[in-house]
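Have a look at the structure below before the remarks.
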Amino acid sequence: MPTYVYETVLPDGSGGERFERIEPMAAAPLERHPDTGAPVRRVITGFAIGGKHSGTTGAAALSDKNLDRLGFTKYVKSGDGRYEKTVGAGPGTISADG
């Protein structure tokens, strides 16, 4: 099922808070925010196509260099309940003990 982006409609007609919702393609667009009841509209956004035409695929997409470029932090298991950072801005180690 596709993920649709909606935004709340402010009193002046401009867009407010955005949120995503997974819906069947045949579903009618939402008219009200599911939590607040505020009026919403579906937003047209770009999309990503995975596979051989997406640029970075497979192991290259999960490489330390690419993850760092995208702002992710990667941890690798180093022992029982311990993980060490290999790339990114997070703490050096994390553990199940806290």
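The modelled label-to-label distance between E31 and L62, using points 7 Å beyond Cα along the C-beta direction, is 4.5 nm. Could you give me D for the chain, from Stokes-Einstein at 10 °C and 1.306 mPa s, where the hydrodynamic radius is the Kirkwood radius over C-alpha pairs? Units µm² s⁻¹, please. The calculation lands on 92 µm²/s. Calculated mean residue ellipticity, 222 nm, the chain: -2000 deg cm²/dmol, from DSSP H runs (n ≥ 4) at -39500 (n - 2.57) each, averaged per residue and rounded to 500.
We did not get these values from a lab; they are worked out from the coordinates using the rules stated. The structure presented is a predicted model; accordingly, all values stated were derived computationally and were not measured. As a convention, Cβ positions derive from the backbone with ideal geometry for all residues, glycine included, and neighbour counts pool all protein chains shown.
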